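The values are calculated or read from the model by the stated rules, or taken from the named source; none is laboratory data. A quick note: this is a predicted structure, and the numbers were derived from the prediction, not measured. Note that each Cβ is placed from the backbone with ideal geometry, even for glycine, and that neighbours are counted across all protein chains shown. Side chains included, ligands, DNA and RNA excluded: accessible areas come from the protein's heavy atoms. Shrake-Rupley method; radii C 1.70, N 1.55, O 1.52, S 1.80 Å.
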Amino acid sequence: MGRMHGYMHSLDIVILIGVLCRMRQINKLSVKNLESWIRDTNEIYGFMGGPMEYDCKEVVRQINDKEFVNYVVPVIEAMPDSELANFFEKTLSLFMSEVGRGIGTYSMPTELIKLVEYLLTGRNLLSIYNPFSGFSSFSLMAGIGYYCGEDINPSVAIVGQLRMNLNGLSGTVHIKDSLESLYTCKEGSYDALVAYPPLGLRLPAESPYGQRYRNVDALVIDKAIECVNLNGAAIIIVPNSFLFAHNGDRMVVKQHIINDNLVDTIISLPPILPLTNALASIVVLRKGKTNQSVRIVEASSMILGTKQINRSLDIDRLLLALSLNDKEYVYNVNITDIVRNDYSLTPETYRPSEDVPENHIWISFEECTSRIRGERHYDAENGRCISIGDLSSDPLNYIKDVSSFEEVTIKSQYYKVTETVLLLSKVRDLKVTLVNASEEMPIYVSPNILAYKFESSIVDISYFVYKVSQAKTFSMGAFIPSINNQVIEGIRISVPPLEEQISTMQSIVRENALSKARELGLETVIQQMKAEYMAEVESRGHDMRAPLRQLRSTNSNISYLFTNCESDPDYRNNMAVQLRKQKEAIAMLTQLVDVFSRENKFGTPEKLNIDRTLRKYVGEHTVNNKSYRVFVEYDFAALLRCAILNPKLVEHNDLDVDTTVLDEFIEGWLGHD
């Protein structure tokens with residue numbers, strides 16, 4: 001495939017290679033006569049339905065490179081039949097990687113195909129319908145009788161058809177308007193429907209469906225269940241906003257499918273769709289349901305890889321959770337509960353409350369705060385503006401002084417706040433931040449940030465910020481995942497008595513400081529010593545058996561020699577050999593005992609004179625070169641431990657130390673006995 005990299009810029013090239021593979025498969029490929037396979041291709045794929053706008057001659061004209069044709073045709077001609085489909089799959093994959101964004105919606109990740117295959121297990125799939133077929137990825141599922149696909153893009157449809165033909169699958173991809181076909185589909189036509197409609201696509205009011213539907217996902221879900229037979233199933237990938245919707249066409253459709261008991265499963269997915277960060281979910285509809293519950297699955301954390309190019313759904317973990325009905329991820333929700341929660345289908349709504357101690361209470365975000373909407377009309381042109389990037393990502397360092405924000409030109413739609421508020425991002429992470437705004441020093445806040453006044457007298461604000469930052473929130477939106485203010489205000493946290501909250505936060509701060517210290521390389525030496533010690537113990541524990549066997553053997557031999565010493569002429573020599581072996585065994589055991597006894601070095605901390613240790617360090621570094629830095633911590637013992645291990649330990653970022661005062665302090669300290 002190496003020589004093909006430079007050519008993978010057009011879907012026409014992919015089609016050319018697919019056609020060549022197909023011609024080779026049916027023994028009609030001829031290097032000498034390209035016109036013949038062009039003609040045959042038009043004849044073979046002319047039945048796909050709709051206007052046949054695609055002409056393979058254009059492929060040859062666009063290539064305009066005889067070297068490529070002369071290279072690829074002989075390669076395919078010599079290829080075994082068993083390799084043709086795989087060669088085309090690699091070609092398609094190469095095209096996807098080179099073209100990138102804009103073509104990703106036509107292909108599905110392998111893990112998603114496996115998931116849909118699992119969800120359809122046990123069903124009779126004589127026919128399956130995909131109105132947004134793309135490259136026919138779902139046709140590769142096992143157990144399908146006949147695959148009927150549709151796509152309005154002729155090139156995409158032909159790739160999908162070639163893919164099925166080369167894999168020996170039965171089916172047709174028609175070049176049609178998918179929405180029109182779905183809207184007019186005859187009821188009960190198929191055993192199953194699978195669809196990945198364009199996420200977030202809005203239908204114009206003047207379209208034939210615009211009066212009833214504004215969102216394409218609402219139309220697809222409403223019509224999908226009509227297309228399948230009495231025992232059929234429909235699986236649709238939708239944006240998360242469908243699960244949240246509480247008005248409009250989406251709400252009407254949700255009421256219909258919930259009230260008629262058509263929803264079988266909802267699965268929230270991590271961001272694994274090709275070439276997009278959009279968050280989506282799977283909706284599984286079934287006719288003939290008898291139970292009155294919906295299986296809602298929280299799979300948004302089941303992801304492998306961190307970068308867009310290599311992340312994928314952790315399919316094994318998800319299938320295991322589904323098969324075991326794992327309560328940590330799978331919530332079986334009664335329909336009456338869904339109706340009571342205003343038809344919400346988000347996992348967050350139904351996640352079971354954690355078990356908490358008796359002295360804890362549950363309290364919501366809304367109970368501790370009040371929304372600050374700010375002023376939308378003001379005369380100022382410049383001010384201290386705050387966007388999402390200005391918010392704190394560290395819940396333990398959540399306070400930002402208003403003076404730290406520079407005055408800039410105020411952007412449109414920013415709102416003015418004149419009091420101390422908690423600011424929370426509506427996009428992806430909450431990034432809870434406290435800013436001490438005032439009438440004298442107002443702030444101007446981005447519309448993507450929510451402002452709240454903290455008003456609770458029974459909750460410590462540091463504890464509140466930390467727990468809210470930890471809460472799982474469910475994002476919505478096809479392209480920019482955002483968090484609904486209703487979700488934020490519905491966050492519930494477990495709250496102990498106030499004194500325990502403060503104590504808990506002090507412990508968290510201490511542990512966080514030590515954790516950061518370790519990340520900076522502190523305690524590395526002692527941790528390495530521990531690791532080396534444990535490795536030696538593990539590797540040498542079994543070494544005791546050999547010397548013990550030797551001791552038992554020599555003991556037995558010595559006993560025998562003592563018993564028969566009068567009749568043994570070599571008694572002295574034999575006894576000397578046995579005593580030497582015994583001495584060797586004892587030496588080996590002594591060495592091993594020494595290894596195991598070294599654990600005391602790590603179990604009992606050495607007593608140190610802290611004043612002497614720190615004075616020695618300061619004495620080695622002159623005051624003038626400012627080689628010291630300051631570490632401030634609640635736990636003085638933790639400070640001393642870290643300082644001893646590495647006296648260059650760094651700082652508390654929020655501390656602004658007057659170096660003159662510090663110099664005088666150290667000078668006095670150096671003179672202290």
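Remarks
- Exclusive hit being open to solvent by 80 Å² or more (accessible area, probe 1.4 Å), at pLDDT below 90 and in contact with a helix residue (DSSP H, G or I) (Cβ under 8 Å, 6 or more places away or on another chain), set 328, 358: 328
- All of (1) within 30 Å of the chain's Cα centre (by Cα); (2) surrounded by fewer than 18 Cβ atoms within 10 Å (Cβ to Cβ); (3) not in a loop (DSSP other than H, G, I, E, B) hold for residue 367 with one exception: (1).
- Output for segment 373-389, where each listed residue is open to solvent by 50 Å² or more (accessible area, probe 1.4 Å) and either within 18 Å of residue 436 (Cβ to Cβ) or in a strand (DSSP E or B) (or both): 375, 382
- Some residue of segment 265-281 being free of Cβ contacts under 8 Å to residues at least 40 places away in the same chain and either open to solvent by 30 Å² or more (accessible area, probe 1.4 Å) or not β-branched (Val, Ile, Thr) (or both): no
- Candidate set from segment 1-21 (those that are at pLDDT below 50, touching a Phe, Trp or Tyr at 6+ places or on another chain (Cβ under 7 Å) and assigned to a helix (DSSP H, G or I)); member that is surrounded by the most Cβ atoms within 10 Å (Cβ to Cβ): 7
- In segment 157-202, the residues that are more than 28 Å from residue 93 (Cα to Cα) and touching a Cys at 6+ places or on another chain (Cβ under 6 Å): 185, 189, 190
- Taking segment 570-600 as the range and being more than 17 Å from residue 552 (Cα to Cα), loosely packed, with under 12 Cβ neighbours inside 10 Å and modelled with pLDDT of 70 or more as the test, the residues that pass are 570, 572, 573.
- Boolean, residue 206 is within 28 Å of residue 245 (Cα to Cα), acidic (Asp, Glu) and not in a helix (DSSP H, G or I): yes
- In the set 76, 113, only one residue is modelled with pLDDT of 85 or more, open to solvent by less than 30 Å² (accessible area, probe 1.4 Å), aliphatic (A, V, I, L, M) and assigned to a helix (DSSP H, G or I); that residue is 113.
- Segment 362-373 residues that are over 24 Å from residue 416 (Cα atoms), paired with ones that are open to solvent by 80 Å² or more (accessible area, probe 1.4 Å) and assigned to a strand (DSSP E or B) (beta carbon under 8 Å, 6 or more apart): 362/492; 363/492; 364/492
- Selection within segment 135-182: residues that are part of a helix (DSSP H, G or I) and within 19 Å of residue 227 (Cα to Cα). The member of this set that is most open to solvent (accessible area, probe 1.4 Å) is 180.
- Given (1) open to solvent by 40 Å² or more (accessible area, probe 1.4 Å); (2) at pLDDT 75 or above, number of the condition residue 519 does not satisfy: (2)
- Count of segment 282-300 residues which are among the hydroxyl-bearing types (Ser, Thr, Tyr) and touching a residue at least 12 places away in the same chain (Cβ under 8 Å): 2
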